[in-house]
Amino acid sequence: MFIQWSDAYAVGIPAIDNDHKNLVARLNHFFGRAQAGASVEELNSILGNLVGQTAEHFSREEWMLERVDIPDLAAHIAEHRRLTEQLRHFHESYHASDKRRELTVDMADFLSRWLIDHIVGQDVPARGHLRRLT
Ligand SMILES: [Fe+2]
Ligand SMILES: [Fe+2]
(Lines give C-alpha, C1' and ligand atoms only; values in the text may rest on other atoms or scores of the structure.)
(Ligands and ions follow the chains in the order given, each with its own letter.)
Protein backbone atom coordinates (compact mmCIF):
# COMPACT_ATOMS: atom_id res chain seq x y z
CA MET A 1 0.00 0.00 0.00
CA PHE A 2 2.80 2.43 0.83
CA ILE A 3 4.43 4.00 -2.20
CA GLN A 4 8.19 3.79 -2.47
CA TRP A 5 9.61 6.70 -4.48
CA SER A 6 11.68 5.54 -7.45
CA ASP A 7 13.99 7.43 -9.81
CA ALA A 8 11.81 6.04 -12.62
CA TYR A 9 9.18 8.59 -11.49
CA ALA A 10 11.51 11.56 -11.88
CA VAL A 11 10.69 14.15 -14.51
CA GLY A 12 13.95 16.06 -13.95
CA ILE A 13 12.28 19.41 -13.17
CA PRO A 14 12.79 20.09 -9.45
CA ALA A 15 9.48 21.98 -9.00
CA ILE A 16 7.52 19.04 -10.42
CA ASP A 17 9.54 16.28 -8.77
CA ASN A 18 9.25 17.99 -5.39
CA ASP A 19 5.47 18.26 -5.84
CA HIS A 20 5.23 14.58 -6.79
CA LYS A 21 7.38 13.52 -3.82
CA ASN A 22 5.24 15.67 -1.55
CA LEU A 23 2.02 14.05 -2.86
CA VAL A 24 3.52 10.58 -2.35
CA ALA A 25 4.56 11.55 1.20
CA ARG A 26 1.05 12.84 1.95
CA LEU A 27 -0.55 9.67 0.62
CA ASN A 28 1.82 7.57 2.72
CA HIS A 29 0.95 9.73 5.71
CA PHE A 30 -2.75 9.07 5.04
CA PHE A 31 -2.17 5.28 4.85
CA GLY A 32 -0.04 5.34 7.98
CA ARG A 33 -2.58 7.30 10.00
CA ALA A 34 -5.46 5.15 8.68
CA GLN A 35 -3.58 1.98 9.70
CA ALA A 36 -2.86 3.45 13.12
CA GLY A 37 -6.62 3.90 13.62
CA ALA A 38 -6.64 7.70 13.46
CA SER A 39 -9.96 9.49 13.94
CA VAL A 40 -12.26 10.21 11.02
CA GLU A 41 -11.74 13.93 11.61
CA GLU A 42 -7.97 13.58 11.29
CA LEU A 43 -8.16 11.39 8.17
CA ASN A 44 -10.68 13.75 6.67
CA SER A 45 -8.41 16.69 7.19
CA ILE A 46 -5.41 14.83 5.68
CA LEU A 47 -7.58 14.05 2.64
CA GLY A 48 -8.79 17.63 2.34
CA ASN A 49 -5.18 18.72 2.39
CA LEU A 50 -4.30 16.18 -0.31
CA VAL A 51 -7.12 17.54 -2.50
CA GLY A 52 -5.74 21.06 -2.11
CA GLN A 53 -2.12 20.09 -2.73
CA THR A 54 -3.08 18.05 -5.79
CA ALA A 55 -5.04 20.97 -7.28
CA GLU A 56 -2.07 23.28 -6.64
CA HIS A 57 0.31 20.81 -8.24
CA PHE A 58 -1.88 20.41 -11.32
CA SER A 59 -2.13 24.14 -11.89
CA ARG A 60 1.64 24.57 -11.47
CA GLU A 61 2.30 21.72 -13.90
CA GLU A 62 -0.30 22.96 -16.41
CA TRP A 63 1.26 26.44 -16.36
CA MET A 64 4.53 24.78 -17.44
CA LEU A 65 2.93 22.38 -19.94
CA GLU A 66 1.16 25.28 -21.66
CA ARG A 67 4.53 26.93 -22.25
CA VAL A 68 6.07 23.99 -24.09
CA ASP A 69 4.67 22.41 -27.18
CA ILE A 70 3.45 18.99 -26.04
CA PRO A 71 1.32 17.18 -28.62
CA ASP A 72 -1.27 15.80 -26.16
CA LEU A 73 -1.77 18.81 -23.88
CA ALA A 74 -5.59 18.62 -23.98
CA ALA A 75 -5.57 14.93 -23.02
CA HIS A 76 -3.05 15.54 -20.22
CA ILE A 77 -5.14 18.38 -18.77
CA ALA A 78 -8.32 16.31 -19.15
CA GLU A 79 -6.68 13.58 -17.06
CA HIS A 80 -5.82 16.12 -14.34
CA ARG A 81 -9.49 17.20 -14.30
CA ARG A 82 -10.67 13.60 -14.09
CA LEU A 83 -8.31 12.80 -11.24
CA THR A 84 -9.28 15.95 -9.35
CA GLU A 85 -12.96 15.03 -9.69
CA GLN A 86 -12.35 11.47 -8.47
CA LEU A 87 -10.31 12.70 -5.54
CA ARG A 88 -13.00 15.24 -4.56
CA HIS A 89 -15.65 12.56 -4.93
CA PHE A 90 -13.69 10.24 -2.63
CA HIS A 91 -13.22 13.00 -0.11
CA GLU A 92 -16.96 13.72 -0.11
CA SER A 93 -18.03 10.08 0.10
CA TYR A 94 -15.52 9.54 2.88
CA HIS A 95 -17.07 12.38 4.78
CA ALA A 96 -20.56 10.92 4.36
CA SER A 97 -19.88 7.19 4.61
CA ASP A 98 -20.52 4.89 7.54
CA LYS A 99 -18.23 2.29 5.93
CA ARG A 100 -15.08 4.35 6.25
CA ARG A 101 -12.72 1.47 6.86
CA GLU A 102 -13.52 -0.30 3.58
CA LEU A 103 -13.51 3.03 1.83
CA THR A 104 -10.04 3.77 3.19
CA VAL A 105 -8.60 0.58 1.70
CA ASP A 106 -10.26 1.16 -1.70
CA MET A 107 -9.22 4.75 -1.67
CA ALA A 108 -5.63 4.10 -0.71
CA ASP A 109 -5.37 1.56 -3.49
CA PHE A 110 -7.02 3.79 -6.04
CA LEU A 111 -5.06 6.91 -5.11
CA SER A 112 -1.65 5.28 -5.18
CA ARG A 113 -2.44 3.70 -8.54
CA TRP A 114 -3.66 6.88 -10.20
CA LEU A 115 -0.83 9.00 -8.90
CA ILE A 116 1.90 6.66 -10.09
CA ASP A 117 0.09 5.81 -13.36
CA HIS A 118 -0.31 9.47 -14.18
CA ILE A 119 3.30 10.33 -13.36
CA VAL A 120 4.66 7.40 -15.37
CA GLY A 121 2.10 7.60 -18.20
CA GLN A 122 1.86 11.38 -18.72
CA ASP A 123 4.38 13.43 -16.75
CA VAL A 124 7.55 11.43 -17.38
CA PRO A 125 6.93 11.23 -21.19
CA ALA A 126 6.58 15.06 -21.26
CA ARG A 127 9.98 15.60 -19.65
CA GLY A 128 11.86 16.21 -22.91
CA HIS A 129 9.53 19.15 -23.58
CA LEU A 130 9.49 20.41 -19.99
CA ARG A 131 13.28 20.51 -19.79
CA ARG A 132 13.26 23.27 -22.39
CA LEU A 133 11.88 25.53 -19.69
CA THR A 134 15.02 25.24 -17.57
FE1 LIG B 1 0.37 15.66 -15.04
FE1 LIG C 1 2.25 15.78 -12.08
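Mean residue ellipticity at 222 nm from the helices of the chain, using -39,500 (n - 2.57) per DSSP H segment of n ≥ 4 over the full residue count, to the nearest 500 deg cm²/dmol? Please report the intermediate quantities before stating the final value.
Numbers: 5 runs with 95 residues, N = 134.
The helix-only estimate for the chain comes to -24000 deg cm²/dmol at 222 nm.
Toward the positive end of the charge dipole of the chain, with +1 on the Cβ of Lys and Arg and -1 on the Cβ of Asp and Glu, the farthest Cα among 52, 87, 31 is that of 31.
I need the fraction of alpha carbon pairs in region 60-128 separated by more than 19 Å, rounded to a whole percent.
Values: 980 of 2346 pairs.
Here the tail beyond 19 Å accounts for 42 percent of pairs.
Surface composition of the chain: carbon plus sulfur atoms hold 51% of the accessible area, using a 1.4 angstrom probe and ignoring ligands, DNA and RNA. Shown here are the Rg and Dmax of the Cα trace of the chain, at 15.3, 49 Å.
Take the chain with all the other protein chains still there, run a 1.4 Å probe, and you get 54 Å² of accessible area per residue. Each Lys and Arg contributes +1 and each Asp and Glu -1, all at the Cβ; summed about the Cα centre of region 1-112, the dipole is approximately 320 debye.
Above 21 angstrom, tally the Cα pairs of region 1-74 and express them as a % of all pairs, no decimals.
Details: 1026 of 2701 pairs.
Of all Cα-Cα pairs in region 1-74, 38 percent lie more than 21 Å apart.
Give the peptides 104-112, 87-95 in descending order of average Cβ contacts within 10 Å, highest first. Write out the running numbers ahead of the final one.
Details: 104-112: 17.2, 87-95: 15.2.
Put in order of decreasing packing, that is 104-112, 87-95.
Which of rounded, prolate or oblate describes region 42-86 when judged by the alpha-carbon gyration tensor and an a/c cut-off of 1.5? Cα axes put region 42-86 in the oblate bin.
The values are calculated or read from the model by the stated rules, or taken from the named source; none is laboratory data. Here the structure is a predicted model, which means the values were calculated and not measured. Glycine gets a Cβ as well: all are built from the backbone with ideal geometry, and neighbour counts include every protein chain shown. The accessibility values were calculated without ligands, DNA or RNA, using every heavy atom of the protein model including side chains. Shrake-Rupley method; radii C 1.70, N 1.55, O 1.52, S 1.80 Å.
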